[in-house]
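Notes follow once the structure below has been shown.
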Amino acid sequence: MVSFQTVRLTLGLVSLACVSGFGLAASLTHLAIVEAVNSKLSTPDQFGQLGWGPVKSLNLINEYRRLYPAGKLLRRAGILAAVSLFSLVVAATLFGLPLLALTFVGAVGALSLWSVYFRRRSLSG
């Protein structure tokens, strides 16, 4: 008979695999965003492959929204990242991490995803 611990560990490992898979898919979508934006910018204004951080990422997202107002890549990347975050929280829950830590990681992650990918911004700013 299969024990509860074995099922919990198996589901935790499957959740971790989902974190990796959806995170990879989100990263590939991010690369597609870079390619789409760079195809419409002049060479000196294009985004380089190295040196990514929050400021450069937000500049890329703002450029994508400007160049592709009806573009769907940002929403796709946000959904993939959200599913990856959800899978991480599920895995951490199954592995027994404290509730306060899980709440903090989930809340900060969800707020960051909403702010970057889903929040409506005015066209003027």
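How many residues are at pLDDT 95 or above and of a type in the set (Ser, Thr, Tyr) if we restrict to the stretch 34-50?
Of the residues in that region, 1 qualify.
Is there any pair linking a residue in the stretch 48-74 that is farther than 16 Å from ASN38 by Cβ to one that is open to solvent by 60 Å² or more (accessible area, probe 1.4 Å), with Cβ under 9 Å and at least six apart or on different chains, and which?
Between residues of the stretch 48-74 that are farther than 16 Å from ASN38 by Cβ and residues that are open to solvent by 60 Å² or more (accessible area, probe 1.4 Å), the close pairs are PRO69/LEU123.
The values are calculated or read from the model by the stated rules, or taken from the named source; none is laboratory data. Here the structure is a predicted model, which is why all the values come from computation and not from measurement. All Cβ positions, glycine included, derive from the backbone under ideal geometry; neighbour counts span all protein chains shown. Ligands, DNA and RNA are stripped out before the accessible areas are found, and what is left, the full protein with its side chains, is counted by its heavy atoms. Shrake-Rupley method; radii C 1.70, N 1.55, O 1.52, S 1.80 Å.
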